[in-house]
Amino acid sequence: MEPTWKQRLRQKGFYHDDRKLQDFFIDDSNLNNDFSHIFQISQKGQLVINHVINVSNKLYSRGGKSGEGYIGIKEVLNLLSSINDHYPHFYTEEERVLLFQNANNIQQRMRVKVSAAYLKHALNIPANAKHPNPILPKIEEIKDITGENDPSNQNRFSFIPGLLHKYEMLLAYVSINCASHFRYCYRLDLFSGISDKEKANMLQVASYIKTFNSLIDKVKQEDSYWDEKTRIWVHKKSGEALFHIREILFSGGDPMNLPNSTLIRYMVLMAEAGIKTIRIGTKELVFNPDRFDDDFWNALDLFHKYYNDVRIEFVGHYVHPYELIDAKTNAQGEYEYDIHAEYHVRENIKPVLNAMNERRTWIGHINQFPIIAGINDSPDVLRLLMYWTNRLSIIMHNIYACREIFDHKYFRRENTIDVQYKLVEQAKLGLSGIENHGCLIMSTEYGKMEVIGFEKNSVLLRINRFMHGKKYDNSLIKIDLNKLKPEQKFYWLTNDIIQTALTPESRIFLNEDYSFMKELKKMAANHVSKTKEISPKMNGQVTIEVIGENNLSNQINVNLNSSKMTLATILADYGIVEAACQEKLSCCTCVGAIETIPNGVLSQPTEDELDITDTVIKSFSVEGTQIRAGCQIILQPGVHYKFTSLNNLSKLKTQVANFQS
């Protein structure tokens, strides 16, 4: 039987009841950690993590059957149909029938998922309102699902799984789960699995950072010069700039779907690897504001106490002003977007905003979002969003052009780049200099391209962010729309546009090699990566016994025909669990009591799994039971598995307790 969360801490000598970490603090300033291959967390860091496990871990419910939100078209539409007063505002009966008929295709593109808090806010609209919101599916989104498997060719910049190193900062996929699923999502390929992206191993990421920065130091000492013009260190032969990694974006999925202990552990790893700014890309403020509770802020305050040189930036993705404020309509039921009108901020986000603003010396809050047809492609909507983010102390960052994900055509429609640029500029009318921030950006394979002007059938671009190692004397690019073929429109900086509408000089420097920096990244990745073991093909049969209500059991017989088939895969196929995060340890929908016959065949849990199971054990009060995540249990031939879901486990424990009393 595996130790409970309290037993784990006691075994390590860290468990305490008085909530005073400093009583157990050990000065590790003189300790030497070996970062060369396996990153070791310092004793200070381990104490911070264990304190969070002990004090600040809890399970956060987002509504629905399993606490992960309302999942699937059937559940969401049935829920809406039960709300008679509001249901007609979202779908007609004809639309509802079409959605049910095409449910599989819609689900395959992007699972329908809505958190209770977001749905409640969406329903809290004036009685005469007409329009749906951006998390509910439309049948039009599957009419043309063409798009790129890997938008902007991101895998080109991934040197270890789950990590992008394109600029001087990193992006790590730390979670494959969100409280709600936005129908237009930049990470669509991550959720569908079509681009083979996966969750990052953050120990490996920490080692990569330390190794890469050491390589930069070595090059600076042995093979670089100080460029007086740019005032930076550059490599002698290639002329490529030499910068350390000092910033990382936690992305996914939504990092705020992770347990507090996992999130803090990842932050400790990054801080001890040398990171100075941690961005947390999240929409949890509007999807599930209760996630930002006292336990979370206590965990964050503790991290700041011992790593006070690390800044935290919450990066919101608020696409519409009515995600932050209550909606207002006119007599015809049309939404009003007037910066001079009076609006009310959502009550449940006020405490979160106050908590962030109280910590402004080390916590920032910014917003970036895409332009989406039918949602925010109107100057008055964008204007009100810019105005209210500024009012709420949220800094407007980038406004993104619609990336070419699957089915981008429905979400983009006829909004070419010049049209989107005009929308943004028109939205700034009437706003002051401190309110009108935000520039239109294309996040392309060649870097972040800022749209800076439009004149006489030409669009002017500026390379806003260079790929790591590149530096240009001239960063301007001109797109000559007159050179486009009759069937071409400038929606994105595609290869066709580059070959057709760019000057030869621009084409050359866009495709310029940056081989030296790329080799450094490969060297760092090779140094920390482990060879993946190829799982042997499993053949044979397993039996899965599912314990339901009143201790009744159902038996499933499975023929194995794969090298890696998990318990959660089978349970999800039979509708027993939801596997909301697609088996990436970013939710707890497949967690339960798991036993085997014979005993002792289960592999040892990882730290990520222990974070999830410990949180569940604490929240459901099911200590003394073998709680595991089904997605981590690889089925083996000839083994009998016994699974009890958390809800049934709690009911069984209650029944036993009542019987004993």
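Taking a point 7 Å from the Cα of residue 391 along the Cα-to-Cβ direction, the residues of the stretch 327-355 with backbone N closer than 12 Å to it are 327-328, 337-346. All other residues whose Cβ lies under 10 angstrom from that of residue 336 are scored, Lys and Arg at +1 and Asp and Glu at -1, for a net of -2. One Cα centroid belongs to the stretch 299-372, the other to the stretch 560-615; the line between them spans 35 Å. Placing R0 at 41 angstrom, the Cβ-Cβ distance between residue 422 and residue 561 gives a FRET efficiency of 0.15 after rounding to 0.05. For residue 298 and residue 214, a Förster radius of 35 Å and the Cβ-Cβ distance give a FRET efficiency of 0.50, rounded to the nearest 0.05. Available extension along the chain between residue 345 and residue 232 is 36.2 nm, counting 0.36 nm per residue and deducting the alpha carbon span. Computed from label points 7 Å out along Cα-Cβ, the spacing between residue 59 and residue 81 is 3.0 nm.
Label-to-label distance for residue 94 and residue 484 is 3.3 nm, based on points extended 7 Å past Cα in the beta-carbon direction. Please give me the summed charge of the neighbours of residue 383: other residues whose Cβ is under 15 Å from its Cβ, Lys and Arg +1, Asp and Glu -1. Here the count lands on -2. Between residue 311 and residue 606, the contour length at 0.36 nm per residue exceeds the Cα-Cα span by 103.4 nm. Scaled against the 2.2 N^0.38 Å expected of a compact globular protein of N residues, the Cα radius of gyration of the stretch 199-298 reads 1.41. Per-residue packing, averaged as other Cβ atoms within 10 Å, sorts the ranges 356-362, 264-270 into the order 264-270, 356-362, beginning with the highest. For the residue pairs 199/220; 229/456; 218/518; 283/350, alpha carbon separations beyond 25 Å are given by 199/220; 229/456. The calculated FRET efficiency for the pair residue 507 and residue 225, based on their C-beta separation and a Förster distance of 30 Å, comes to about 0.55. Packing-based ranking of 300-306, 585-591, 376-382, 504-510 yields 585-591, 376-382, 300-306, 504-510, ordered from highest to lowest mean Cβ neighbour count within 10 Å. Our Cα-only numbers for the stretch 403-499 put the radius of gyration and Dmax at 14.3, 41 Å. Applying a threshold of 18 Å to the alpha-carbon distances of 138/409; 65/120; 166/237; 44/305 flags 166/237 as lying beyond it.
Readers should treat all values here as calculations from the given coordinates under stated rules, not as data from a laboratory. This one's a predicted model, so the numbers in the text were calculated from it and none came from an experiment. With ideal geometry, Cβ positions are generated from the backbone for all residues, glycine too; neighbour counts draw on all protein chains shown.
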